[in-house]
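What follows is a single structure, written as structure tokens, with notes after it.
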Amino acid sequence: MSKILIVEDEPDMVLGLKDNFEFEGYEVLTASDGAAGLERARAHKPDLLILDIMLPKLSGLEVCKTLRTEGFTMPILMLTARGQEIDKVVGLELGADDYVTKPFSIREVLARVRAILRRTEGPKKRLARYHFSDIDLDFETYVATKAGAPLDLSPREFELLRYLIERKGETVTRDRLLEDVWGYESYPSTRTVDTHIAKLRAKIGDSGSEPRYVLTIHGAGYKFVDPS
Ligand code: CA
């Protein structure tokens, strides 16, 4: 389960957050001033930081800036007080991922944290093997067969198929496929996705006009369905 560091100097606030996060199954560390928070973040490398801005010794903004300068990339959720609009903007510029304004409900903080972790954590364990229709896929060795005969898929086609199968029943946008299967650095266009899907369909015996496995969701993206 995810490890969370709460850096906050109001004891009641810390207790309320800690209890609720622990109840949800998170491992919770706490620190009551900015300097201690920075030390704990360095030493324990939490999966996420809940960071108050107004803190003794070192402000939340300074903690955030220092961690980012030192190369720490864990997500940071800032706690700001009403009327600290400037701090929110500065915080986001310094590398915070999101903020909540006090007074907040614990449920809101929990929801924000879950959303941030969903965005930043990939799937825990990648799918190793999959079988559908007459097709067998081994994503670790990149070996595929169709009705027992070798099926020649490129590594990219394997990854594309694995990504869609891991999210079967869910519509995945072209942009998400580009980001997660191709990666930011290669800058392909969304047409690239369509071309690869067309080739992939032809290879697995799926139809371009009436696909059964890799469906086109008009205006949205693609979805894998397992007909079995
Ligand atoms: Ca405070």
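The values are calculated or read from the model by the stated rules, or taken from the named source; none is laboratory data. Computed from a prediction, not measured in an experiment: that's the story for all the values here. With ideal geometry, Cβ positions are generated from the backbone for all residues, glycine too; neighbour counts draw on all protein chains shown. With ligands, DNA and RNA removed, areas are computed over all heavy atoms of the protein, side chains included. Shrake-Rupley method; radii C 1.70, N 1.55, O 1.52, S 1.80 Å.
Looking only at residues in region 127-160 that are open to solvent by 60 Å² or more (accessible area, probe 1.4 Å) and among the β-branched types (Val, Ile, Thr), the one that is nearest to residue 214 (Cα to Cα) is 143.
Among the residues making up region 103-117, those that are within 16 Å of residue 52 (Cβ to Cβ) and open to solvent by 30 Å² or more (accessible area, probe 1.4 Å) are 103, 104, 106, 108, 112. Taking the numbered list (1) over 19 Å from residue 228 (Cβ atoms); (2) under 17 Å from the mean Cα position of the chain (by Cα); (3) in contact (Cβ under 8 Å) with a residue 40 or more places away in the chain; (4) open to solvent by less than 40 Å² (accessible area, probe 1.4 Å) in turn, residue 163 passes all entries but (3). Selection of region 101-131 for residues being assigned to a helix (DSSP H, G or I) and over 19 Å from residue 46 (Cα atoms) yields 106, 107, 108.
Has region 62-69 got any residue that is touching a residue at least 40 places away in the same chain (Cβ under 8 Å), within 20 Å of residue 103 (Cβ to Cβ) and surrounded by 14 or more Cβ atoms within 10 Å (Cβ to Cβ)? No - not one qualifying residue is present in region 62-69.
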